[in-house]
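K.L.:
The structure that follows is given in the form of structure tokens.
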Amino acid sequence: MLRTFLNHQFISFSRSRNLAGNIFAQIVIGFIALYILVMAFLAGFYMEKIISEIFVGRNTIEIFIGFI
């Protein structure tokens, strides 16, 4: 089912009149999505360090849970 849907989407995309514009838009959206994914990963990885620098002397886990 998913394969059929993706096949139909690809056919619709490839038969479009403004194919070059679609390709450019998809590339830009892909770069933006990749940037957001990398920033979210890095923020999660360095969250403890960021919180401990901002809230000096307080428990990092309590601060994080308080944000959530």
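K.L.:
Of all residues in the stretch 56-68 being in a loop (DSSP other than H, G, I, E, B) and hydrophobic (A, V, I, L, M, F, W, C), which is most open to solvent (accessible area, probe 1.4 Å)?
P.N.:
The initial filter retains those residues of the stretch 56-68 that are in a loop (DSSP other than H, G, I, E, B), namely 56-59, 68.
When the remaining residues are screened for being hydrophobic (A, V, I, L, M, F, W, C), the result is 56, 68.
Working: V56: 116, I68: 145 Å².
Only one residue fits best here, namely I68.
K.L.:
Can you pull out every residue in the stretch 1-55 that is modelled with pLDDT under 85 and not in a helix (DSSP H, G or I)?
P.N.:
R15, S16, R17, N18 - these are the residues of the stretch 1-55 that are modelled with pLDDT under 85 and not in a helix (DSSP H, G or I).
K.L.:
Would you check which residues across the stretch 38-68 are of a type in the set (G, A, S) and in contact with a helix residue (DSSP H, G or I) (Cβ under 9 Å, 6 or more places away or on another chain) and list them?
P.N.:
A43, S52, listed by residue number.
K.L.:
Also, quick follow-up: Among the residues of the stretch 40-51, is there at least one that is surrounded by 10 or more Cβ atoms within 10 Å (Cβ to Cβ) and among the acidic types (D, E)?
P.N.:
Yes.
The values are calculated or read from the model by the stated rules, or taken from the named source; none is laboratory data. In this text the structure is predicted, and so the values were computed from the model without any measurement. FYI the Cβ positions are ideal-geometry reconstructions off the backbone, even for glycines, and counts take in every protein chain you see. With ligands, DNA and RNA removed, areas are computed over all heavy atoms of the protein, side chains included. Shrake-Rupley method; radii C 1.70, N 1.55, O 1.52, S 1.80 Å.
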